[in-house]
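Asker: The structure under discussion is supplied below as structure tokens; questions concerning it will follow.
The values are calculated or read from the model by the stated rules, or taken from the named source; none is laboratory data. Keep in mind that what you see is a predicted model, and the values were worked out from it rather than measured. Here the Cβ positions follow ideal geometry from the backbone for every residue, glycine too, while neighbour counts run over all protein chains shown.
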Amino acid sequence: MPEANNMIPDWFDIAIADGLQKLMALRLDNTPSADTILQTADVWVDVLWKKHKWGDELGGEAINNAFLTLAQNCTRWPSPSEFSRCLPVLPGSTQEQLYGKTTPEWRAHQKKHMSQLLAKLDLNLPKIPS
């Protein structure tokens with residue numbers, strides 16, 4: 001599948017196809033039919049190749065792990081964006097730029113802030129554990 005002046009490498013096509021086959025075997029809700037899975041795979045390859053910087057740090061192992069995470073957690077057929085959220089956040093990646101690095105201190109601060117907001121709303125919701 002051409003992308004600008006580059007070709008998507010075979011390893012990427014194979015890794016995505018292999019992961020999609022594993023998901024198909026689970027028979028999740030909204031699984032594409034056998035006669036449309038090739039087109040589905042083409043869309044996934046095209047979307048994911050353009051969305052991420054694939055290479056040594058983000059390659060076949062990361063793809064396999066993301067599909068394993070989906071297989072363990074999904075009850076319906078996932079989207080490419082759900083797959084992307086299962087990939088590791090790499091330094092300089094779009095995810096890091098959008099969400100930044102999270103630290104235990106940052107998470108503790110966010111929990112405290114959320115508890116304060118909920119207290120102001122007084123909705124009688126359960127307290128967020130520290």
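Asker: Take Asn73 and decide whether it is polar (S, T, N, Q) and touching a residue at least 40 places away in the same chain (Cβ under 8 Å). If you could, list the steps in order and put the result at the bottom.
Answerer: Working: polar (S, T, N, Q): yes; touching a residue at least 40 places away in the same chain (Cβ under 8 Å): no.
Considered against the rule, which asks whether it is polar (S, T, N, Q) and touching a residue at least 40 places away in the same chain (Cβ under 8 Å), Asn73 comes out as no.
Asker: Quick test of your reading of the structure: Arg27 fulfils all but one of (1) exposed (fewer than 15 other Cβ atoms within 10 Å of the Cβ); (2) at negative phi. Name the failing condition by number.
Answerer: Unmet for Arg27, out of (1) exposed (fewer than 15 other Cβ atoms within 10 Å of the Cβ); (2) at negative phi: (2).
Asker: Filter region 47-86 down to the residues that are among the acidic types (Asp, Glu) and closer than 15 Å to Gly19 by Cα and list them by number.
Answerer: Going residue by residue through region 47-86, those that are among the acidic types (Asp, Glu) are 56-57, 61, 82.
Scanning region 47-86 gives Glu61, Glu82.
Asker: Please count how many residues of region 61-95 are modelled with pLDDT under 85 and in a helix (DSSP H, G or I).
Answerer: 2
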